[in-house]
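A short reminder: the numbers here are calculations on the coordinates, not readings from a lab. Given the structure is predicted, the values throughout are model-derived calculations rather than measurements. As a convention, Cβ positions derive from the backbone with ideal geometry for all residues, glycine included, and neighbour counts pool all protein chains shown.
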Number of protein chains: 2
Amino acid sequence: MKITMAHGSGGESTSRLIEQVFSKHFHNEYLSKLEDSAVLPGAGRIAFTTDSFVVTPVLFPGGDIGRLSVCGTVNDLLMSGAKPMYITCGCILEEGLDIDILDKVIASMAKTAEEAGVKVVTGDTKVIENKGGEPGLIINTSGVGFIPEDLVTPGPSKLEDGDVIIVSGNLGDHHAAILGTRMGIETSIVSDNAPLNEMVSNLYKEGVRVHAMRDVTRGGLGTVLNEFGAASGCEIELVESDIPVSNAVKDFCGILGLDPIYMGNEGKMVLSVPKDDADKALLAIRSSKYGENAAIIGSVKKKENNADNTNVSVLTDIGGKRVVGLMYGEGLPRIC
Amino acid sequence: MKITMAHGSGGESTSRLIEQVFSKHFHNEYLSKLEDSAVLPGAGRIAFTTDSFVVTPVLFPGGDIGRLSVCGTVNDLLMSGAKPMYITCGCILEEGLDIDILDKVIASMAKTAEEAGVKVVTGDTKVIENKGGEPGLIINTSGVGFIPEDLVTPGPSKLEDGDVIIVSGNLGDHHAAILGTRMGIETSIVSDNAPLNEMVSNLYKEGVRVHAMRDVTRGGLGTVLNEFGAASGCEIELVESDIPVSNAVKDFCGILGLDPIYMGNEGKMVLSVPKDDADKALLAIRSSKYGENAAIIGSVKKKENNADNTNVSVLTDIGGKRVVGLMYGEGLPRIC
């Protein structure tokens with residue numbers, strides 16, 4: 001069966017689609033079925049985020065747009081120090097989409113939400129014409145998390161002189177998986193799309209003082225660390241050989257001339273912690289799901305001169321030092 | 001200047017677009033600029049909703065997709081009894097979109113948010129290829145509202161025998177404005193897109209016991225009241241001549257064979273209140289912005305037999321009684 005414009009009418013066809021696909025997978029005590037809003041227990045401080053996912057293809061090696069849409073929003077909430085609680089599912093379907101694909105995607109969202117410990121509590125579905133090519137779908141997920149009362153929230157302005165920079169695993173897998181699929185290149189690379197709830201929870205459980213953390217998505221490590229540097233007045237010095245990249249991705253990058261520092265990921269985070277907490281942090285991450293390849297990749301020092309525009313530099317394998325600027329231009333379109 | 005794929009990269013072009021358009025209009029103390037999540041004061045009970053807006057054209061008589069995207073989400077929160085607090089702005093832009101149009105839309109969102117008393121606290125921007133026609137944009141807004149501690153939340157299952165049904169104003173304006181524009185028909189009809197915060201606040205201030213309320217959007221009054229009837233085991237009997245419709249919309253419907261009961265609106269609500277509260281409710285709505293044409297349009301009675309499938313009927317002007325079923329089929333595509 002295919003999606004028709006009638007499925008977006010708000011009438012009987014919409015109700016049946018919601019029943020057949022969405023309600024089937026997203027059953028929980030808070031799900032708003034008849035109402036447009038879910039009514040939920042709250043908290044003293046909340047985190048609120050939104051993300052739209054336009055990745056093509058919607059099914060890719062190691063994941064799909066449904067899993068991605070949950071991981072992206074859950075990880076954004078986690079990075080603010082919040083415990084992710086509730087997410088929404090806003091679908092924009094292209095006419096002609098196969099309902100079996102939608103079902104697969106929504107099932108994957110539900111499974112990922114369970115892994116991440118969040119509930120899908122409300123949603124919305126619209127249908128638009130397909131102007132050409134395979135009919136696709138776009139998903140927006142917004143999320144609400146609770147921030148523990150006594151938590152000093154991390155932030156990019158909170159980097160301190162002497163901090164170390166840790167990345168939670170290999171870079172570039174999602175980017176390479178999507179690009180490889182589009183180009184029809186056979187590789188063993190699969191997307192890293194994953195929720196980081198266990199990892200962040202372990203960091204806080206071990207008492208690591210997290211100054212800043214961020215999931216490394218489109219724009220890559222280079223973009224995130226430039227924001228950290230600019231916001232904090234610090235310079236971050238990376239060691240190229242310490243940045244974890246799988247051999248398969250290294251080969252892929254070699255052939256296509258890509259730099260893992262600017263490649264998008266969907267299950268990796270970078271954090272800045274005091275040097276004294278570095279070993280504890282590394283252990284906490286490595287003992288978490290999706291964290292086995294975590295590594296210390298650089299250090300932070302206060303800029304002596306605020307007019308200094310270099311936020312990030314990297315010591316290369318051959319002993320040189322180069323500046324890591326902001327990514328300029330397109331990156332890979334529709335990677336997330 | 002036009003939107004390019006680079007504006008969706010997550011790199012420097014994205015940052016500049018956010019600075020030039022979004023941050024310019026959405027300045028408030030909670031807006032997350034560097035972070036993906038906004039950190040916000042919370043409440044004991046919250047309402048959470050999401051809605052994507054795909055209306056074409058994006059600028060239409062009486063409004064635009066920006067105003068619509070705020071009204072839709074604010075009104076959904078209001079209908080749960082919540083005070084709308086925070087909303088998100090998730091933009092999906094088609095490559096080639098004129099940045100002046102984006103600027104106009106975002107300025108309109110900001111203005112409408114101010115009118116509705118909500119803050120836009122976080123956002124996300126993606127760019128997709130334009131596969132044909134004028135480049136468009138899609139906006140997802142999600143919203144969080146606070147529910148007063150002692151409020152018994154209204155709901156479609158809470159209709160009671162003897163309730164009266166009130167609609168807050170003329171039906172069909174948004175639908176007719178969009179359809180007229182697409183067909184190139186010159187009319188005086190403008191969209192009713194409006195936030196209903198003042199109206200709902202006045203209803204509660206006057207102590208009206210609201211059993212159920214719902215904004216009347218795609219699917220129209222017929223769809224909402226069928227949900228009310230089915231959820232509560234009540235039959236709703238409308239009086240056709242009491243349903244407020246402007247002369248211009250009546251004429252428009254006459255020519256095109258449309259029924260205002262199934263036409264979409266973006267600034268109208270319908271509610272069910274005890275008969276004793278009807279006059280108070282009508283007065284509260286009529287004295288509110290956007291409520292001057294409010295009317296009592298029907299009454300509620302408990303179904304004697306739960307197997308009775310008629311949820312809504314209407315007494316016609318010529319003395320007959322007909323069943324108002326669910327809308328079946330397409331309605332008007334991309335009306336919201």
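For chain A, the longest principal axis of the alpha carbon atoms and the long axis of helix A:173-183 meet at an angle near 60°.
When B:Thr316, B:Thr14 are ordered from fewest to most other Cβ atoms inside 10 Å of their Cβ, what list results? Write down the numbers at each step before the final one.
Values: B:Thr316 13, B:Thr14 23.
Least crowded to most crowded, the residues run B:Thr316, B:Thr14.
Neighbours of A:Pro333, meaning other residues whose beta-carbon lies under 11 angstrom from its beta-carbon, give a summed charge of +1 when Lys and Arg score +1 and Asp and Glu score -1. Backbone phi angles across region A:139-150, fed through the Karplus curve with coefficients 6.51, -1.76 and 1.60 (θ = phi - 60°), yield HN-Hα couplings of 10, 9, 10, 10, x, 10, x, 9, 9, x, 3, 9 Hz in residue order; Gly and Pro are listed as x. Using θ = phi - 60° in the Karplus curve 6.51 cos²θ - 1.76 cosθ + 1.60, the 3J(HN,Hα) couplings for region A:37-43 round to 10, 8, 9, 9, x, x, 7 Hz; x is entered for Gly and Pro. Projected label points at B:Leu283 and B:Glu29, each 7 Å from Cα along the beta carbon direction, are separated by 3.7 nanometres. Each Lys or Arg adds one and each Asp or Glu takes one away; over the other residues whose Cβ falls under 10 Å from the Cβ of B:Ala294, this sums to +1. For B:Ala212, the residues whose amide H sits under 5 Å from its own are B:Gly155, B:Ser272, ignoring neighbours fewer than 5 places away on the same chain, with H placed 1.01 Å from N.
The distance between label points at B:Asp100 and B:Asp317 comes to 4.5 nm (points 7 Å beyond Cα on the Cα→Cβ vector).
Computed per residue of chain B from DSSP H runs no shorter than four, each worth -39500 (n - 2.57), the mean residue ellipticity at 222 nm is -8500 deg cm²/dmol. Here the simple spin-label model places points 7 Å from the Cα toward Cβ, and for B:Met183 and A:Asn247 these points are separated by 6.8 nm. Scanning residues 5 or more positions from A:Gly42 or on other chains, those with amide H under 5 Å from its amide H are B:Arg45, B:Ile46, with H placed 1.01 Å from N in the peptide plane. A Gaussian network model of chain A, with springs between Cα atoms under 10 Å, assigns the largest mean-square fluctuation among A:Glu240, A:Glu198, A:Glu186 to A:Glu186. Taking the label point 7 Å along Cα→Cβ, B:Gly254 and its counterparts in the other copies are spaced 7.9 nm apart, in ascending order.
Answer rounded, prolate or oblate for region B:156-323, using the Cα gyration tensor with square roots of eigenvalues a ≥ b ≥ c: rounded when a/c is under 1.5, else prolate when a/b is larger than b/c, else oblate. Numbers along the way, then the final one.
Working: a/c = 2.01, a/b = 1.26, b/c = 1.59.
Cα axes put region B:156-323 in the oblate bin.
Which of rounded, prolate or oblate describes region A:1-66 when judged by the alpha-carbon gyration tensor and an a/c cut-off of 1.5? Since a/c reaches 1.5 but b/c is at least a/b, the shape of region A:1-66 is classed as oblate.
Considering only alpha-carbon pairs that sit under 8 angstrom and 6 or more positions apart, the relative contact order computed for region A:74-188 is 38 percent.
So, with +1 on the Cβ of K and R and -1 on the Cβ of D and E, and no other charges, what is the size of the charge dipole of region B:60-140 about its Cα centre, to the nearest 20 debye? Mind dumping the intermediate values first?
On the way: 7 positive and 12 negative charges, 81 e Å.
Computed about the Cα centre, the dipole is about 380 debye.
May I ask you to order A:178-184, B:118-124, B:226-232 by the average number of other C-beta atoms within 10 Å around their residues, highest value first? The partial results should precede the final answer.
Details: A:178-184: 16.6, B:118-124: 25.4, B:226-232: 22.0.
Highest mean packing first, the order is B:118-124, B:226-232, A:178-184.
From the alpha carbon centroid of region A:104-134 to that of region A:193-242 is 28 Å.
If the limit is 30 Å between Cα atoms, which of B:Lys24/B:Lys289; A:Lys268/A:Lys302; B:Lys126/B:Lys250; A:Lys33/A:Lys111; A:Lys289/B:Lys119 go over it?
Values: B:Lys24/B:Lys289 28 Å; A:Lys268/A:Lys302 25 Å; B:Lys126/B:Lys250 40 Å; A:Lys33/A:Lys111 19 Å; A:Lys289/B:Lys119 37 Å.
Where the Cα-Cα span goes over 30 Å, the pairs concerned are B:Lys126/B:Lys250; A:Lys289/B:Lys119.
Computed over region A:156-323, relative contact order equals 43 percent, with contacts defined as Cα pairs under 8 Å that lie 6+ residues apart. Its Cα centre serving as origin, the protein assembly as shown has a Cβ charge dipole (Lys and Arg +1, Asp and Glu -1) of approximately 280 debye.
A simple packing score, the average count of other Cβ atoms within 10 Å per residue, orders the peptides A:154-166, A:65-77 as A:65-77, A:154-166, with the highest score first. Restricting to region A:1-160, compute how many DSSP beta bridges are antiparallel as a %, nearest 5. Antiparallel bridges make up about 70 percent of those DSSP assigns within region A:1-160. Nearest 20 debye, what's the magnitude of the dipole of chain A about its Cα centre given +1 on Lys and Arg Cβ and -1 on Asp and Glu Cβ? So the dipole magnitude of chain A works out to roughly 160 debye.
Could you work out the equivalent-ellipsoid semi-axes for the protein assembly as shown, taking the square root of 5 times each eigenvalue of the Cα gyration tensor, largest first, in whole Å?
On the way: eigenvalues 448, 125, 98 Å².
Result for the protein assembly as shown: semi-axes of 47, 25, 22 Å.
Around A:Gly155, under 10 Å between beta carbons, what's the net of Lys plus Arg minus Asp minus Glu among the other residues? If you can, show how the numbers build up before the last one.
Values: positive: A:Lys158, A:Arg214; negative: B:Glu35.
Combined, the nearby Lys, Arg, Asp and Glu give +1.
Scan around A:Arg218 for amide H atoms under 5 Å from its own, H built in the peptide plane at 1.01 Å from N, and keep only partners 5 or more places away or cross-chain. Long-range HN contacts for A:Arg218: A:Asn265.
Taking a temperature of 10 °C and a viscosity of 1.306 mPa s, what whole-number D in µm²/s does Stokes-Einstein yield for region B:5-146 with Rh from Kirkwood over alpha carbon pairs? Don't jump to the answer; show the numbers that get you there.
On the way: Rh = 15.3 Å.
Once the numbers are plugged in, D ends up at 104 µm²/s.
Based on C-alpha pairs under 8 angstrom that are at least 6 apart in sequence, chain A has a relative contact order of 22 percent. For region A:320-336, the Karplus equation 6.51 cos²θ - 1.76 cosθ + 1.60, evaluated at θ = phi - 60°, returns couplings of x, 10, 10, 7, 9, x, 5, 5, 10, x, 7, x, 9, x, 6, 7, 9 Hz by residue, with Gly and Pro reported as x. Which one of B:Ser201, B:Gly254, B:Asn305 has its Cα pushed farthest toward the positive end of the charge dipole of region B:156-323, where Lys and Arg give +1 and Asp and Glu give -1 at the Cβ? Result: B:Ser201, furthest along the dipole toward the positive end.
Applying 1/(1 + (r/R0)^6) with r as the Cβ-Cβ distance of B:Leu59 and B:Leu256 and R0 = 22 angstrom yields a FRET efficiency of 0.45.
To check you understand DSSP bridge types, tell me what percent of the beta bridges within chain A (both residues inside) are antiparallel, rounded to 5. The partial results should precede the final answer.
On the way: 40 of 53 bridges.
Beta bridges within chain A, antiparallel portion: roughly 75 percent.
Sort out for me the Cα centre separation of region A:51-90 from region B:136-192, rounded to whole Å. Measuring centre to centre over Cα atoms gives 30 Å.
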